[in-house]
Structure formats: C-alpha cells, structure tokens
Amino acid sequence: MIRQLLNAPNQLTMLRMMFLPFIVLTLLDKHYTWALALFVLAGLSDGLDGLLARTLHQQTQLGQYLDPIADKLLLSTLFLVLSILHKIPWKFTVVVFSRDVSILAASAVLYAIAGLRNFSPSIFGKANTTAQVGALFFVLLYQVNQAAWVNGTRRFFLWATFALTIISAIHYVYLVGQRLHAHASPSST
C-alpha cells in the first residue's frame, strides 16, 4: 500500500486534492485569476497522472479509487462554492450533487447486497465530467474576462452539464439494472 501511495501518478493525484483548499480560499477572497490558474494546474495534474500511470505502467488499485475521488471532490466543491458566491445558479449545483450522491448511494448498495465493485464510467459520465470541467473553467474565466464569447461559452457548458448530468444519471440507472439482472441470473438457473 505504501508503495502504491508513493508512486508518481498517485502523488500527483494527492497533489490535486491539496490544490482544493487553495482554490476555495482564492475564490472566497475573490482572487479569480489565481483560482483559475490553480484550477488549470489541477486539471493538468489530472491529465498527467493518468499519462504517467499508463506510460510508466504504474496503474494501481489505489489510483483507480483516488483519481475519481479527487475529481469529484474538486468539481463538486467548486460547484458548491461558486453557487454560494452566486457565480453559478443553484439549479446546476443541485443537479450535479443529486446525481453524485445517488450514484454513491447506489454503488454502496450494490456493493453491500451483491458485492459488485467495478463501476467504470460510461461515455455519458465522461461527457458529463468534461462538461463540468468546461463549465467551471468558463465560469472562472468569466470572472476575469467578461467578453461576450466567454459568457456564451459559460452558458453553453452550464446547460450541457445540466443535460448530461440527467442523461448520465438515467444511463447509470439503466446500467445498474442490467448489472443486477446479470448478477441475479446465474444464481436463478
């Protein structure tokens, strides 16, 4: 476990988690340029940790859990803080949080009752994450540069997040049903 913790990709993932309080503090102090820069650095570390894990053949079970946790912590926290600061309307944050809490609860139940563990993200989940990252980036950029194109792109990504959050949640419910059915089928024969 210590060896997994000390490999370069997992160290980068933990570094990304350590960016979070600094991003929140810069937002609360209304230093949006710094918050944007730290958010971009966190995003770069996310891409780099995955690239390193594959290139150096250092993919670990710990990393498979840490990476999505770091992503969700960063994205969900920023949606929440930016809604508190009235930079993102609450409807977007409520939808994002509702989906994430529902998936977490469903995953816990599936693990508890059926021992199902592997919850790979679907194409809709990945698209949703991309939309969330884009929304946060352009919401932060809009605080620095209020150009019309930034505002339009910000609005596009917020609504894309809204739609993809709902679509990915519905798809996830469908996948859960399939997995439960597949898990129950072998034992019923």
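The values are calculated or read from the model by the stated rules, or taken from the named source; none is laboratory data. Note that this is a predicted model, so its numbers are computed, not measured. We place every Cβ from the backbone using ideal geometry, glycine too, and count neighbours over all the protein chains shown.
Listed by first and then second residue, the pairs linking a residue in the stretch 87-99 that is more than 12 Å from Q132 (Cβ to Cβ) to a residue that is assigned to a helix (DSSP H, G or I) and not hydroxyl-bearing (S, T, Y), with Cβ atoms under 7 Å apart and 6 or more places separating them unless they lie on different chains, are K87/V139; K87/Q143. Return a yes/no flag: does the stretch 103-122 have any residue that is modelled with pLDDT of 90 or more, part of a helix (DSSP H, G or I) and of a type outside the set (S, T, N, Q). Checked the stretch 103-122: no residue is modelled with pLDDT of 90 or more, part of a helix (DSSP H, G or I) and of a type outside the set (S, T, N, Q). K72 meets the stated requirement of being among the charged types (D, E, K, R) and either modelled with pLDDT under 95 or within 21 Å of D46 (Cα to Cα) (or both).
Exactly one residue out of A131, A147, A108, A127 is among the aliphatic types (A, V, I, L, M), surrounded by fewer than 13 Cβ atoms within 10 Å (Cβ to Cβ), outside the structural domain of T33 (by TED's automatic domain parsing) and more than 21 Å from A37 (Cβ to Cβ), and it is A108. When Q64 is tested against (1) surrounded by 19 or more Cβ atoms within 10 Å (Cβ to Cβ); (2) assigned to a helix (DSSP H, G or I); (3) under 17 Å from the mean Cα position of the chain (by Cα), exactly one condition is not met: (1). Taking the criterion of being farther than 21 Å from L85 by Cα and without any contact (Cβ under 8 Å) to a residue 24 or more places away in the chain, the residues of the stretch 19-54 that qualify are L41, L44, G47, L51, R54.
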